[in-house]
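One structure below.
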Amino acid sequence: MTDTATVTLGWKSNVAGSFRVEFSDDLAFWQELTDNEPGVVGDNTYVDVFAGASTVPTRHYRISLIALGP
């Protein structure tokens, strides 16, 4: 048995652009997963696969628009 987790994040956007995806295990310290996730108007997804899942009781995510697309 592997100690990994796969989380699929989904969000809707009314603009195309680049998104930053971050996570935190404690809501105090945030770590960047990507700062250039391309997004489209409509449905967007990002998949996070991480090891050590059994030691992380809760993982929080936030997504920010960092640049508008053409």
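Sorting Trp11, Trp30 by accessible area puts them as Trp30, Trp11; the probe is 1.4 Å, largest comes first, and only protein heavy atoms count.
Take the alpha carbon atoms of region 9-70, find their radius of gyration, then divide it by 2.2 N^0.38 Å using N residues; give the quotient.
Details: Rg = 12.7 Å, N = 62, 2.2 N^0.38 = 10.6 Å.
Compactness ratio reported: 1.20.
Size descriptors for region 1-41 (Cα atoms only): Rg and Dmax, in that order, 13.0, 41 Å. Working from label points 7 Å from Cα in the Cα-to-Cβ sense, the Trp30 to Lys12 distance is 2.3 nm.
Averaged per residue, what accessible area in Å² does the chain show with a 1.4 Å probe, protein chains only?
Values: 4630 Å² over 70 residues.
Per-residue value: 66 Å².
Of the heavy-atom accessible surface of the chain (probe 1.4 angstrom), what whole percent is carbon and sulfur? Heavy-atom surface of the chain belonging to carbon and sulfur, 1.4 Å probe: 54 percent. Taking Cβ atoms as reference points and 13 Å as the exclusive limit, the residues near Val56 contribute a net charge of -3, counting Lys and Arg as +1 and Asp and Glu as -1.
The values are calculated or read from the model by the stated rules, or taken from the named source; none is laboratory data. Note that the coordinates shown come from a computational prediction; the quantities given were computed from them, not determined experimentally. Because the Cβ atoms are built from the backbone with ideal geometry, glycine has one as well, and the counts that use them run over all protein chains shown. The accessibility values were calculated without ligands, DNA or RNA, using every heavy atom of the protein model including side chains. Shrake-Rupley method; radii C 1.70, N 1.55, O 1.52, S 1.80 Å.
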